[in-house]
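Here the structure comes first, spelled out in structure tokens, and everything after it is commentary.
The values are calculated or read from the model by the stated rules, or taken from the named source; none is laboratory data. In this text, all values refer to a predicted model and were calculated from it rather than measured experimentally. Glycine gets a Cβ as well: all are built from the backbone with ideal geometry, and neighbour counts include every protein chain shown. Just the protein is used for accessible areas: all its heavy atoms, side chains included, with ligands, DNA and RNA removed. Shrake-Rupley method; radii C 1.70, N 1.55, O 1.52, S 1.80 Å.
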Amino acid sequence: MSEIAVRPNETTVPLMPCASVEETLAFYEALGFKATYKQSKPYVYLALQWSGFQLHFGPAPKGLDPAREESGGCLVMVDAVAPYHAALVAAMRRVHGKVLSSGLPRITRYRPGASRFTLIDPSGNSIIFIQRGEPAELEYGGSKKLTGLARALDNARILREFKNDDLQAFRALKSAVRRHGADAPVVERAIALCHLIDLAMVLGEPTDPWGADLRGLELTSSDRQRIESELGHLAGLQELLP
């Protein structure tokens, strides 16, 4: 009896919990996904496809709380993440009139040059788009080569882009500005304040304290160029700067 050889021609399809077929279907179809299969009885099953990949959904376990965002997830490896983010954001604007950047569901912000972003669906699943060739050695928790406010900014970047934790990034930056803001270069303080304003808007917190501090800074033309280069992806950046 001859043995059948295993040949490398596999396809992996993630199967994630679905808290509501109607909400899940409405969310993904608004983004351009097509349902290739759907049923509610005798059990939940939903198959969706967009571009060259598929997402499948099955019954949610008892007691699942989508708000905890611990439901499930998958990685989507792509050649370049920016076009995917742009396409999803454009679809959100067409359907909702805005980008869903807070609450549930939502999409995380994309910073030019970043290698990943996350789409969180109504069931609390995280779909993480990652660019192939992303550096293998990423420093989580802030670069050891940096100090003071610069290190806190790097730490906040990791928290936002890789750990999807806006609240912790907000807390870390607030503490860092109090501790290191007075001794930091004015451009770093301005960048930190811009991030705090953006995070406050995402989290539904007051922006006044950070806006007042930002308006009180004296920025040179080179300072402004650096800020716009690093934070050009933030909505309303020009209105924030003094």
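Among DSSP beta bridges lying fully in the chain, give the percent that are antiparallel, nearest 5.
Restricted to the chain, the bridges split so that about 65 percent are antiparallel.
Can you give me the distance in nm between label points at VAL21 and ASN9, each placed 7 Å from the Cα along the Cα-to-Cβ direction?
It is 3.4 nm.
Please report, in debye to the nearest 20, how large the charge dipole of region 53-185 is about its Cα centre when each Lys and Arg carries +1 at its beta carbon and each Asp and Glu carries -1 there.
440 debye
Work out the FRET efficiency for ILE130 and THR220 from their Cβ-Cβ distance, taking R0 = 41 Å, and round it to the nearest 0.05.
0.65
Distance cut-off 32 Å, Cα to Cα: go down the list LYS34/LYS174; LYS98/LYS145; LYS98/LYS174; LYS34/LYS163; LYS41/LYS163 and report the pairs above it.
Cα-Cα > 32 Å for LYS34/LYS174; LYS98/LYS145; LYS41/LYS163; rest within.
What is the extension gain from ARG179 to GLU70, computed as 0.36 nm multiplied by their sequence separation minus the C-alpha to C-alpha distance, in nm to one decimal?
My answer for the length gained is 35.9 nm.
Let me have the 222 nm mean residue ellipticity of the chain computed from DSSP H runs of 4+ only, each contributing -39500 (n - 2.57), with the sum over all residues rounded to the nearest 500.
-12000 deg cm²/dmol
Sort LYS174, LYS145 from largest to smallest accessible area, using a 1.4 Å probe on the heavy atoms of the protein chains.
Sorted by accessible area, descending: LYS145, LYS174.
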